[in-house]
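The values are calculated or read from the model by the stated rules, or taken from the named source; none is laboratory data. Computed from a prediction, not measured in an experiment: that's the story for all the values here. Cβ placement follows ideal geometry from the backbone for every residue including glycine, while neighbour counts extend to all protein chains displayed. Surface accessibility is based on the protein's heavy atoms, side chains included, excluding ligands, DNA and RNA. Shrake-Rupley method; radii C 1.70, N 1.55, O 1.52, S 1.80 Å.
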Amino acid sequence: MRCIRRILVLVLLIAVCAGGFIAGKGYRMYREALEEKSLAQIRKETVEDENFVAAEQLPEIYKKAVVSVEDKRFYRHKGIDPIGIARAFYHNIRAGKLLEGGSTITQQVAKNFYFDMDQTVERKIAEIFMAIAMEKEFTKEEILELYVNHIYFGDGYDCVREASLGYFQKEPGQMTDYESTMLAGIPNAPSVYAPTKNPELAKQRQQQVLSTMVKNGMLTEEERTAILEQSE
């Protein structure tokens, strides 16, 4: 019995040491990324881009749709969402494979600006450190601006303005509720949901966006129906 206890203690110590080592690597990765480019620099470059669109220039329903499908607790968390992480972990365990990542909008901004797509633990830890730093540096609206102005929408469109002009021939602020909710669903899988590639799948994705908004209390069922009627 004493031998088993010693083994368990040893295993626990090894796990703690390994966790600390990986966390340290993640923190160093985060610091090195900041040394190459500061948070102030990415903000400056984004705002100075000719295609930049400020949060107040975006339709309110578009912003609500993005938050609803990407990170419904966006305005309540501080960069990471423990509830979202726990839910993703549970679903992944049940499925026996990686289905969800639990990333917040802030974490996605951190990844898009600073890190590659490697699914390593240390990279994820670096992303978390960066997301927390961003929440201290920027307002929520500024983080949302970084997100929509630096995300892929398919068809070669790398920001919300390019996508709005390309798909609807309109500035973002001129999008209808129907167009806004369709655009919000595309970044989930741009090659699949681009309206020019798969119009029917784009509409199905939009319906998912609208249903999620109703579920999250951001739309009423009547408003959802009215938006879908705009296409008729």
Scan of the range 190-209 for residues that are surrounded by fewer than 20 Cβ atoms within 10 Å (Cβ to Cβ) and in contact with a helix residue (DSSP H, G or I) (Cβ under 8 Å, 6 or more places away or on another chain), ordered by number: V192, T196, K197, N198, L201, K203, Q207, Q208
For the range 118-138, pairs from a residue that is closer than 14 Å to L39 by Cα and modelled with pLDDT of 85 or more to a residue that is open to solvent by less than 30 Å² (accessible area, probe 1.4 Å) and of a type in the set (S, T, Y), with Cβ under 7 Å and 6 or more apart or across chains, are F129/Y30; M130/Y30; A131/T104; A131/T106; M134/T106; E135/T106
When every residue in the range 158-209 that is of a type in the set (G, A, S) and outside any helix (DSSP H, G or I) is compared, the one farthest from S231 (Cα to Cα) is A189
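Yes/no matrix, rows are residues, columns are (1) at pLDDT below 95; (2) open to solvent by less than 40 Å² (accessible area, probe 1.4 Å); (3) more than 30 Å from T220 (Cα to Cα):
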position	(1), (2), (3)
Q41	no, no, yes
E56	no, no, no
R76	yes, no, no
A86	yes, no, no
S103	yes, yes, no
T106	no, yes, no
A110	no, yes, yes
Among the residues of the range 171-185, what is the count of those that are under 14 Å from L210 (Cβ atoms) and either without any contact (Cβ under 8 Å) to a residue 40 or more places away in the chain or touching a Pro at 6+ places or on another chain (Cβ under 7 Å) (or both)? 3
Do we find that T212 is part of a helix (DSSP H, G or I), among the β-branched types (V, I, T), in contact with a Leu (Cβ under 7 Å, 6 or more places away or on another chain) and surrounded by 14 or more Cβ atoms within 10 Å (Cβ to Cβ) in this structure? no
Cβ contacts < 7 Å: first residue of a type in the set (G, A, S), restricted to the range 158-170; second residue open to solvent by 10 Å² or more (accessible area, probe 1.4 Å), any location; separation 6+ or different chain. Result? A163/Y157; S164/K170; S164/E171; S164/M175; G166/D155; G166/Y157
Considering only the range 127-140, I want to know if a residue exists there that is open to solvent by 10 Å² or more (accessible area, probe 1.4 Å) and in contact with a Cys (Cβ under 8 Å, 6 or more places away or on another chain). no
